1. List nothing, just return the count: lysine pairs in region 249-394, 8 or more apart or interchain, with Cα separation under 30 Å.
2. Quick one: work out Rg over Rh on the C-alpha atoms of region 211-291, Rh as Kirkwood radius.
3. Taking the 0 to 90 degree range and rounding to the nearest ten, how far is the long axis of helix 280-291 tilted relative to the main principal axis of the chain, both from C-alpha atoms?
4. What angle, in degrees between 0 and 90 and rounded to the nearest 10, separates the Cα long axis of helix 242-257 from the longest principal axis of the Cα atoms of the chain?
5. Tilt of helix 478-488 relative to the longest C-alpha principal axis of the chain, in degrees (0 to 90, nearest 10)?
6. With an 8 Å cut-off on Cα pairs and a minimum separation of 6 or more residues, tell me the relative contact order of the chain in percent.
7. Once you keep just the Cα pairs under 8 angstrom separated by 6 or more residues, what percentage relative contact order results for region 145-220?
8. Quick one: putting +1 on the C-beta of Lys and Arg, -1 on the C-beta of Asp and Glu, what dipole do you get for region 402-476 around its Cα centre, in Debye to the nearest 20?
Amino acid sequence: MSELQDLTALIRANTALIVIETRDESRVIELFRQVLMNVWRALYRWSITEGLRRVDFDRDDEETEVAPDISNTLQSIRDADQRGIYLMFDAHPYLGYASTQRQLREIVQRRGCQPHVLVLIGHKVELPPDLESLAVRHRPSLPDANALLKLVREEAENYMREHGGRRVESDADVVKQIVRNLQGLDPVDARRIARHLIFRDGAIGPDDLPELAKLKFELLNRSGHLHYEYDSARMSEVAGARRIKRWIEQRRGVFVSGDAPPGLDPPKGILLLGVQGCGKSMIAKAVAAGFGVPLVRLDFGTLYDKFHGETEKNLRAALSSAEQLSPAVLWIDEIEKGLAGDGGDSDGGVSRRVLGYLLTWMAERKSRLFLVATANQIEALPPELLRKGRFDEIFFVDLPVAEVREELFASHLRKRALKPEGFDLAGLAQASDGFSGAEIEQAIVAAMYAAHAANTPLADFQLRAELKQTRPLSVLMGEQVTALREWARGRTVAAD
Ligand SMILES: Nc1ncnc2c1ncn2[C@@H]1O[C@H](COP(=O)(O)OP(=O)(O)OP(=O)(O)O)[C@@H](O)[C@H]1O
């Protein structure tokens, strides 16, 4: 059913209270004017600044005699004989008083005669519970690709008009991607973003895509539980992890295009399990960069709320914001922290309900959101999460082998403008057995400081001295690391 048919059906069914969450006020008025072609009613709009005005299509904003305050307005609506549709813009903040609620309820439940229709419109309309139960929420339809393209073109024309006829340089592929990324936004927000992208430099080019991702994130992360990861990494910078790299590369085309070949499902997500400091976070960043989409991180820890039901509500809000950002990569860091492994009721069942919601969401979601979950501790991970089919694959990111440690030395030296050829990489790799990538990086940094303090160029012996002084985590927490590796064998796929 079209939106117009939907609204017409609601009015014909004598629905007396409708809620519409939108910022596009002029579109709502236009829609209701069209509804009047099917069902005749007087149409009014009200706002605290302008009061009540009649706005039927044959009249142009005719002022009424009623004082603009909500109580007078509701009184006059209640007493009006002629059936009307009343579009009430931003009225909900005034509905906190018991007397106003009563007035509104009397209009909605008007006995003995045909009811008026009250339509509460605002960006976010929250109603007291008894009014909510009387209301029908209508979701305005969002602009489709054609409407969005039209809107981008209009803003390009506006730019031209306001800049003495200067044309907007545009890259057709980028325009397509912009249109795809604006989907899911209401027309007011979509236009505001398109206008910003065009007006900031008079062009539509590849540098608009990260800006668009950032603006969309700021707009949609209303729950505040998601973090936009500005930091990026390239797969080529990750030492080792060859299987993950191949796995991602093979699925990149399908994810980017959104079209899975017959018989295949689009890639949905991976779990990276492994020893701390071996590059799991880096891989999450590199997956997003490789797919060419933004990376948003969800910290499970911040979702927890002591009030009943609030944690699940927070998770639902965060996942729904993340879906609206799609195509994107959603990184759930330290997923084990939000999910108790025993599945018991020690926390009032919160983690069990969170797990249940997360599993259902993972199974049912249709959006182009690729999930990368990372975890360090398996004891805390509930077995249901690890069952086949939950993630496309579970990778184990182990401590780097000698060959990968050489790669790590080379790439981190290069990153600091040092030439790897000047170092005994094989010897350093041997001396760093049991070190994680993060620990190798730290050893390089510490050795560089030692060299700087001694006023000498960095040399092998300084690196070796740092390695010797460091007790890596694999030694400090030897038992846990061994247990993790044993557990991973046979249950996960080695990342390298
Ligand atoms: N495989 C790797 N290749 C290149 N650099 C690495 C690698 N592993 C670790 N590093 C370096 O160590 C830093 C920390 O690693 P990262 O945060 O990705 O590890 P992690 O496995 O996510 O650790 P944690 O579980 O503690 O969050 C990285 O930013 C990177 O500089």
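A short reminder: the numbers here are calculations on the coordinates, not readings from a lab. A quick note: this is a predicted structure, and the numbers were derived from the prediction, not measured. Cβ sites come from the backbone with ideal geometry, for glycine too, and all protein chains shown count toward neighbours.
1. Lysine pairs satisfying the spacing and distance rule in region 249-394 number 21.
2. Working: Rg = 14.6 Å, Rh = 14.6 Å.
A ratio of 1.00.
3. That helix lies at roughly 60 degrees to the long axis.
4. Taking Cα atoms only, the helix is inclined about 20 degrees.
5. For 478-488 against the chain, the angle is about 60 degrees.
6. On the way: 747 pairs, mean separation 58.4, N = 496.
Reported relative contact order: 12 percent.
7. Values: 66 pairs, mean separation 29.1, N = 76.
Relative contact order here is 38 percent.
8. Working: 8 positive and 10 negative charges, 50 e Å.
Once rounded to the nearest 20, the dipole reads 240 debye.
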